Amino acid sequence: MKLYLLTQTVKTGSDTYGGIVVAAENRKKAKMIHPDILDWNGQKDIFDSWCSSEQVEVTYLGRAREHAKAGVILTSYNAE
């Protein structure tokens, strides 16, 4: 499992996510993780808090600890 930083600059302002750290097997799977749900399978973004998966920037951070599970590790949420 690897750690990735996902960022977006499409949806900004209050009640949006600026970025999240996720654990995933690879870059492609990391990009499909949504801050509110584990995997949105490329569905149209129904949330106003995050951009579509095509607009997510992915940065590799390193390896996760052994036995880590895929999903969101940390979020940066802009409230108000």
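We did not get these values from a lab; they are worked out from the coordinates using the rules stated. Quantities reported herein were computed from a predicted structural model and do not represent experimental measurements. Ideal geometry is used to build each Cβ from the backbone, glycine not excepted, and the neighbour counts take in all protein chains shown.
Run the dipole for region 2-78 about the Cα centre, Lys and Arg Cβ at +1, Asp and Glu Cβ at -1, nothing else charged, and hand back the magnitude in debye, nearest 20. Please list the in-between numbers first.
Numbers: 10 positive and 9 negative charges, 78 e Å.
Value, rounded to 20: 380 debye.
From the helices alone, meaning DSSP H stretches of at least four residues, give me the mean residue ellipticity at 222 nm for the chain, per-run term -39500 (n - 2.57), in deg cm²/dmol to the nearest 500. Could the numbers behind the result be given before it?
Details: 1 runs with 5 residues, N = 80.
Taking each H run of at least 4 residues, the total per residue is -1000 deg cm²/dmol.
Given H placed on each backbone N at 1.01 Å, which residues far from T16 in sequence or on other chains put an amide H within less than 5 Å of it?
It is N78, by chain and number.
For the residues S52, S14, what sequence is obtained by ranking on other C-beta atoms within 10 Å, fewest first?
So the ranking, lowest neighbour count to highest, is S14, S52.
Can you sort S53, S76 by how many other beta carbons sit within 10 Å, fewest first? Mind showing how you got there, number by number?
Values: S53 20, S76 13.
Placing the least packed residue first, the sequence is S76, S53.
How many lysine pairs in the chain, separated by 8 or more positions in sequence or lying on different chains, have Cα atoms less than 24 Å apart?
Total qualifying Lys-Lys pairs in the chain comes to 14.
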